[in-house]
Number of protein chains: 6
Amino acid sequence: MRMADLAFTEYEALVREKSPIVVIPCGALEQHGPHLPLATDAMIPTMLAERFVPAFGGIVAPTFTYGVRSQPKSGGGNHFCGTTSLWGSTYALMVADIVEEFGRHGVKKIVMLDGHTENQPFLVEGVERALVNLRRDGITDVRVIRLAYYMAIDAKLQATLFPDGLLSWDLEHAAVMETSVMMALSPSHVRLDRIPDDPPADFPIYETFPIDPAPIPCHGVLSSAKSATAEKGRAVVDTLVAEFSDLIPRAFR
Amino acid sequence: MRMADLAFTEYEALVREKSPIVVIPCGALEQHGPHLPLATDAMIPTMLAERFVPAFGGIVAPTFTYGVRSQPKSGGGNHFCGTTSLWGSTYALMVADIVEEFGRHGVKKIVMLDGHTENQPFLVEGVERALVNLRRDGITDVRVIRLAYYMAIDAKLQATLFPDGLLSWDLEHAAVMETSVMMALSPSHVRLDRIPDDPPADFPIYETFPIDPAPIPCHGVLSSAKSATAEKGRAVVDTLVAEFSDLIPRAFR
Amino acid sequence: MRMADLAFTEYEALVREKSPIVVIPCGALEQHGPHLPLATDAMIPTMLAERFVPAFGGIVAPTFTYGVRSQPKSGGGNHFCGTTSLWGSTYALMVADIVEEFGRHGVKKIVMLDGHTENQPFLVEGVERALVNLRRDGITDVRVIRLAYYMAIDAKLQATLFPDGLLSWDLEHAAVMETSVMMALSPSHVRLDRIPDDPPADFPIYETFPIDPAPIPCHGVLSSAKSATAEKGRAVVDTLVAEFSDLIPRAFR
Amino acid sequence: MRMADLAFTEYEALVREKSPIVVIPCGALEQHGPHLPLATDAMIPTMLAERFVPAFGGIVAPTFTYGVRSQPKSGGGNHFCGTTSLWGSTYALMVADIVEEFGRHGVKKIVMLDGHTENQPFLVEGVERALVNLRRDGITDVRVIRLAYYMAIDAKLQATLFPDGLLSWDLEHAAVMETSVMMALSPSHVRLDRIPDDPPADFPIYETFPIDPAPIPCHGVLSSAKSATAEKGRAVVDTLVAEFSDLIPRAFR
Amino acid sequence: MRMADLAFTEYEALVREKSPIVVIPCGALEQHGPHLPLATDAMIPTMLAERFVPAFGGIVAPTFTYGVRSQPKSGGGNHFCGTTSLWGSTYALMVADIVEEFGRHGVKKIVMLDGHTENQPFLVEGVERALVNLRRDGITDVRVIRLAYYMAIDAKLQATLFPDGLLSWDLEHAAVMETSVMMALSPSHVRLDRIPDDPPADFPIYETFPIDPAPIPCHGVLSSAKSATAEKGRAVVDTLVAEFSDLIPRAFR
Amino acid sequence: MRMADLAFTEYEALVREKSPIVVIPCGALEQHGPHLPLATDAMIPTMLAERFVPAFGGIVAPTFTYGVRSQPKSGGGNHFCGTTSLWGSTYALMVADIVEEFGRHGVKKIVMLDGHTENQPFLVEGVERALVNLRRDGITDVRVIRLAYYMAIDAKLQATLFPDGLLSWDLEHAAVMETSVMMALSPSHVRLDRIPDDPPADFPIYETFPIDPAPIPCHGVLSSAKSATAEKGRAVVDTLVAEFSDLIPRAFR
């Protein structure tokens, strides 16, 4: 199931005989407040993938742990100590190289499972570059799906997470959803006693460069995670695992 | 007001004496249905900028007419004939070069006024690269604002535009807002008789590469523009011009 | 005629049915003395193209307004305030991306109409890169013409422009030819009262880096434009429009 | 100890107060015969690092799991299914970005702990680029050590591993040393029953491109791993952990 | 005199004590008709430099033998067999790296002595990049001169070379000037019996991509070299050596 | 034999009719102690190639004189004055461009004859890139051999060079082998009286960045060359010339 653990002969046999779906979790090493680990954005899609790939005989490729530079409105900004990022142009090259390698192996179905918003456009750029190159090599039947795990949170799950109403998805960095999911997936990684409980960040409609730290809470949490619970997290995980177990194989049909 | 029209001596005098705000409209050459011109995303921020810069003595730099590759969910996708795009990596280099040039001129206040969603992360990458380079050249006081004009549409304007309720901002490509604004700004560019009136596009939560054209209307319009009116457009233009006339100079204080 | 103004459906129909010639004006934002606007090199090829494409049913694509870094002997040098340039490597990437897009659309005949000497080798590099890539995509029938508008000034026109003899084409920056042409094409853009009337610049046979400003007039004009007239400009415009109306379609036969 | 597990506040406190040594394990996803997992080159330096950093209060950063393209003489070659590599140029950019980020955090002591020969020159290129950039940002006190773990195998360890004499370190891919070490560090990852027992690969003194598969065993093992034992592996691990616990902090003094 | 021949200690002593001028001959490997060698553009500036540097105690660095892609109007075009070129972007990077290295050594005076027209803009790009980087490293006193050797052919020399009048410098590829100079500098490299004697090439004012071979003589010579003589070549060589012996040191004063 | 000396017509005839092997000597401009010239690494493979290509009718292409950045353990390090290097990424691009050009010419057999260890991985990267591009252009029958000349020194030659035993090949920079070979190939380039005679360099098992000059002798010689003799050099040259005369054509069969 984990590509890293397989001997190449096992992997090759799978690819040749089963045409498996390969899922690459795409995360980041980015501050997630004083209560969540730096690798939160990498851990969540990795742990989700490990739970849903068995449903369709998929393979989890090694996670892209380092992600694209954090932006203030989505991840607090790249000025935090510990946030350790790639330039988008580097990220796109890395993605392109690896997608091309899977294409060379004979893999036809690839999922980029994203846990870090800032990766998105550079994932797209990398995937599109790879498909151009593969096509020039005569390989035309590789399909790639880009899927941010949090896009599958529907109205019902949202109501479970925010019984008093959602403030804004834009402020859900290191907040209720991520904290709840980590409490469900890896409780030892959550320091409940350190969850800040401040009013949400209030950003202007524009962005400022160099980063203006004024509207960014110095603890890095964009809205309070106080109402996070393991139960909410389990609801998210269970729903997403069930959803992706079904959705992903259908997407490649 | 338009940098293109100024002699360098006039421009230099302005920069030296007034420290003016320079606004670079950032558009695209992208299909906008059968009823709007290919350069819609370039025309709107350009025409808006020309209307609001007089309020603060700003300068409108030449528009970046070509933008970043169109994506299906925001602009229909880059497979349309007429959509003429740059790779994101090229775009970021172009942005970085030009921002560095303004920094070299002595300009301290730059606004990237964006009209094309796909530009955003590459605008950010380019601006951040430029500021790194300028800093290495000892120029540390340049500030850049990135502002997508449509981010200033507030609840009240939204109600004006969509009296029966907004379907989704994600589907507002070549739809009510853009069509209305073009009817207000440049009515001769709108072919009212060709506005398609189909149900909105229905995308899955993931993206597929190569692009799956199935969920994309072949006329390129993601939701119907039938209810567009010049009056709605004027409301948007008037509100935005007033808002930016005030907001932008305040952002640099 | 202007691609920017067309709906994609109109453009697509033209491309599919008429195999039109697409002209991309390639300019610069570069000091042109105290009497001509910064965008002179972009305005001239754009306005010429708009006048000659009707002769062969051509399309004018959006102008590349920003050009390659100015050099002292051809444009005064890149140290002037207001000269706002791309590195050549960025320019070549931009050109390659856009030429590839036209190739993808099905356009077979492209003219890079250049108004800024420094663009030339990077236009060539970009076009050659694009054709390599298109060929690798199986598109082998795209032809591109690079044409600097001023190359069509023949002995007769030269005599009209310089009845007392030409000093040197190398010194014709913001000088008689460009000033006359702008007087013909857009008189409001010419500040006749500000034309400097100094002896021509006298450069050594080599170039110095960093730029040595000593031989460069600080008003940026390499030789006097005093003898410019609208009539001379009209002679150039009329001759070039007639010439290109005939030459360009023949070049693609 | 593992950076991925730390909240940014914990990491920041460590960096500010302890000036810790940060170790980045640098591996690969590369065939290692039918008996070892694809991630062998990533697992070994990661597991070693986790064992020796406590000796000096170090931090283990997330592993670079994907490495540089495999070459026939050191890793069997990049034509194997499952070998999933980056181009060296991409790798160098990735390394440079991440080293610069650690420099920005205030980390002064970085170890690139390499487990994949092909990474070496591109690690060097990336580190040197990063230090140039940091220096241009005024950060001049970052020191980086590049250390391939297997370089610390001395004559005594070699005698333990190869009591009948070493054939050649060049052929030690997926062979006695790596197999023994994996038996010691993660026995469940070693499929003892699948160890091939063929004569060693016999390469010419040159390399051929495209790769000539003739001299490369199709099972990917360059010399037999039959004599691997967990005991030998423990000797290597114990010696290296002791050695690095002492050597690394001394290297930064 | 030749850097290649010096021990580093000798070179270092020269640089430290004499602040010598370093000349880098910049050539190409490009067809020069059936009568001149492929390396003509490299040989001429190299042999000239070796003759004039003693006048000012200069150093000749190793020649850049490979040059930028040949264009039809200046070098016959890059489709000839034997023409072996770099992309301009590669060339600029190579130039930048090497100029930075000389800057690091402490060299303050560098001459790029060009023998291949197509190199020019990429030499400029590379030199300007290098000076930006050196400046960011605190090295601000490096000066670079770009000098095409043929730019020093004045009216008198021209009359010597072309007693019946010059057709056009643009057609002087593998023609009278280069052939004469090679006859003077290295007669064994000139195959007099193979000089083609055809009418000059007749190009349109535009360039066509892909290259249109029609106007290019298949022997690669743009105008006849029949009237070349060793005596003419000696006149050029003697004049240029004298001229550069004086001009170059003055340029750095 | 030397491509530089051939007219393109001669070269073309050879390529078309004989399918010759083209050898590109790959060197460096790098300190080689006070007794050997900076271009030692370029001179040796060039002079060897000129001696062995006649055996199989090969062609020697112009040498890549500038090489990849020197590293302390193999070449003393890139901080020496006179060491004049390219970044690896530039080098790989240069190699790729040139190999693609030979492929375009119709050359099917290319040898990269390396004399500078640091070039190796970037030669490989460049060659692999070129073959990918050629394949995308439909050229699939180009084969490239990478061969470091010193790899052909076998046990017998080693005994001749080091009758008292070899200290370490790693320390053979500007030492017995290179000095002896230069004494045989170009005695006037060796300053016997300046050979340092110090104990060998003693490096730790790791590398330090920025370079730690402490373990590097300031004369740049990693182990004493005192026992070098012209006779030893002739033994190397004679053996290698004989070996390569036979090995290289066999490698392409």
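The figures follow:
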read-out: Ranked packing of E:216-225, D:237-246, most packed first, by mean Cβ within 10 Å; value: E:216-225, D:237-246
read-out: Rounded to the nearest 20 debye, dipole of the protein assembly as shown from Cβ charges on Lys, Arg, Asp, Glu; value: 0
read-out: Bins of 10 Å, starting at 0 and running to the largest distance - Cα pair percent for the protein assembly as shown; value: 1, 7, 15, 21, 21, 17, 11, 5, 1, 0
read-out: Copy-to-copy label separations for B:ASP137, where each label sits 7 Å from Cα toward Cβ, in nm and ascending; value: 1.9, 1.9, 3.4, 3.6, 3.9
read-out: Inter-copy spacing of A:ARG194 label points, which lie 7 Å from Cα along Cα→Cβ, given in nm from shortest upward; value: 4.1, 5.9, 6.0, 6.0, 7.6
read-out: Count, lysine Cα pairs under 23 Å in chain F, 8 or more residues apart or across chains; value: 5
read-out: Semi-axes of the equivalent ellipsoid for the stretch E:3-251, Cα gyration tensor, largest first, Å; value: 32, 21, 15
read-out: Label 7 Å beyond Cα on the Cβ vector: D:ASP154 copy-to-copy distances, nm; value: 3.5, 6.5, 7.4, 7.4, 8.7
read-out: Average beta carbon contacts from partner chains per residue of E:151-159, 10 Å cutoff; value: 1
read-out: Sparse-neighbourhood loop sites, chymotrypsin sites (Phe, Trp or Tyr not before Pro) in the stretch E:88-161 - DSSP loop, at most 13 other Cβ within 10 angstrom; value: none
read-out: Residue closest to axis [chain C; rotation mapping onto A; Cβ; Å]; value: C:ARG136, 3
read-out: Rounded to 10°, Cα long-axis angle of helix B:88-105 versus longest principal axis of chain B; value: 30
read-out: Chain D: angle of helix D:230-251 to the longest principal axis, Cα-based, in degrees nearest 10; value: 30
read-out: Convex hull per residue volume in Å³, alpha carbons only, for the stretch A:38-123; value: 91
read-out: About the Cα centre, charge dipole magnitude for chain A (Lys/Arg +1, Asp/Glu -1 at Cβ), debye; value: 660
read-out: Directionally averaged shadow of the stretch E:94-170, computed from the convex hull of its alpha-carbon atoms, nm²; value: 5.9
read-out: Tilt relative to chain A, helix A:40-52 - C-alpha long axis, 0 to 90 degrees, to 10; value: 50
read-out: Rg(Cα)/(2.2 N^0.38 Å) for the stretch C:160-212, N = residue count; value: 1.38
read-out: Computed helical MRE - 222 nm, chain B, DSSP H runs ≥ 4 contributing -39500 (n - 2.57), nearest 500; value: -12500 deg cm²/dmol
read-out: Calculated FRET efficiency for the pair B:GLU17/B:SER245, C-beta based, R₀ 25 Å, to 0.05; value: 0.70
read-out: Theoretical FRET efficiency, 1/(1+(r/R0)^6), r = Cβ-Cβ of A:MET151 and E:ALA55, R0 45 Å, to 0.05; value: 0.05
read-out: Separation in nanometres of the label points that stand 7 Å from Cα toward Cβ, at E:ASP137 and B:MET1; value: 4.9
read-out: Kirkwood Rh in Å, taken over the stretch D:140-253 so that all alpha-carbon pairs contribute; value: 15.9
read-out: Beta bridge orientation in the protein assembly as shown: antiparallel %, DSSP, nearest 5; value: 20
read-out: For residues of E:90-103, the mean tally of beta carbons on other chains within 10 Å; value: 5
read-out: Beta bridges by DSSP in the stretch A:30-185, antiparallel share as percent, to the nearest 5; value: 10
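Read-outs: derived from the displayed coordinates by stated rules, not from any lab. Remember, predicted model here, so these are calculated numbers, not experimental data. Positions of Cβ are backbone-derived with ideal geometry, glycine not excepted, and every protein chain shown enters the neighbour counts.
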